[in-house]
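I have placed the structure first, in the form of structure tokens, so that the comments after it can refer back to it.
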Amino acid sequence: MPVPEDVPEQFIRALRSLRAVTVRPEIVLDEVSGPARIAPYSAALTAEVRSARRSLAADELASGRFVVLHDPAGQEAWDGTFRLVTLVRTAVEPEVGTDPLLAEVAWSWVTDALAAVGPGAHAPAGTVTRVLSHSFGSIERADETSELEIRASWTADDENLGPHLLAWTGLLCTAAGLEPLPDGVTPLPPRR
């Protein structure tokens, strides 16, 4: 695929670092268009965590979006030239959704994921939202539903964004309720 001449080499290296990442087999990643107005250069990925390895017929446990924003001149609010903006969404049990500590626990998942990146991530910000739904009338269900949404952003210190993508997919898996991979175990690339 030809690259336009005006795209900074630093942004191209950042995108290549994302393509080099191998994620857990329960995660299905897709490239989508990045937002056009927030930064001069952007890219985005969506993800679904499924209950079975790479099976589109399996139940979706969590979903999200990973957005790379790049401004070669930097932005003061970012404290850098690369800002990563993420979303994680998952259903939770209604009793979990009403737990008053849920937001703090969910934010700790973010900080734990960023700790895995090491000193390469700074200026984190975000929100944790829980939505409790009860249906009425012709769509009435017996059970309430509850959803957790984590929106987070942080600044990457350089164009090596692979560790950041791994941290975000780890956050997705934690929200989905998957056990972490044991230390020293890395996912195998998909079979061709």
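When the accessible area of the chain is computed with all protein chains present and a 1.4 Å probe, what percentage of it is carbon and sulfur? Of the solvent-accessible surface of the chain, carbon and sulfur hold 53 percent.
Computed extension length for Val7-Ser51: 12.0 nm, one decimal, from 0.36 nm per residue of separation with the Cα-Cα distance subtracted. Here the sum of -39500 (n - 2.57) over DSSP H runs of 4 or more residues, divided by the residues of the chain, equals -7500 deg cm²/dmol at 222 nm, to the nearest 500. Per-residue 3J(HN,Hα) values for the range 58-66, derived from phi via the Karplus relation 6.51 cos²θ - 1.76 cosθ + 1.60 with θ = phi - 60°, read 6, 5, 7, 9, 7, 8, x, 9, 10 Hz in sequence order (x marks Gly and Pro). Placing a pseudo-label 7 Å from each Cα along the Cα-to-Cβ vector at Asp79 and Ser108 gives an inter-label distance of 2.4 nm. The accessible area of Ser133, taken with all protein chains in place and a 1.4 Å probe, comes to roughly 50 Å². Towards the positive end of the charge dipole of the chain, with charges on Cβ (+1 Lys, Arg; -1 Asp, Glu), say which of Ala36, Ala20, Thr46 has the farthest Cα. The Cα lying farthest towards the positive end belongs to Ala20. Solvent-accessible surface of the chain, averaged per residue with a 1.4 angstrom probe and all protein chains in place: 59 square angstrom.
Set against the labelled values [x] 126; [y] 116; [z] 160, volume of the Cα convex hull per residue in Å³ computed from this structure falls on [z].
Highest mean first, the peptides 78-84, 21-27, 117-123 sorted by other C-beta atoms within 10 Å per residue fall in the order 78-84, 21-27, 117-123.
What does the charge add up to near Thr127, with Lys and Arg as +1, Asp and Glu as -1, over the other residues with Cβ less than 13 Å from its Cβ? Every neighbour counted, the sum reads +1. Here the simple spin-label model places points 7 Å from the Cα toward Cβ, and for Glu31 and Ser135 these points are separated by 3.8 nm.
The values are calculated or read from the model by the stated rules, or taken from the named source; none is laboratory data. Everything numeric here is computed off the predicted structure, so don't read it as measured data. In this analysis, Cβ positions are derived from the backbone assuming ideal geometry, glycine residues included, and neighbour counts consider all displayed protein chains. The protein model used for the area step is the full one, side chains on, heavy atoms only, and it has no ligands, DNA or RNA in it. Shrake-Rupley method; radii C 1.70, N 1.55, O 1.52, S 1.80 Å.
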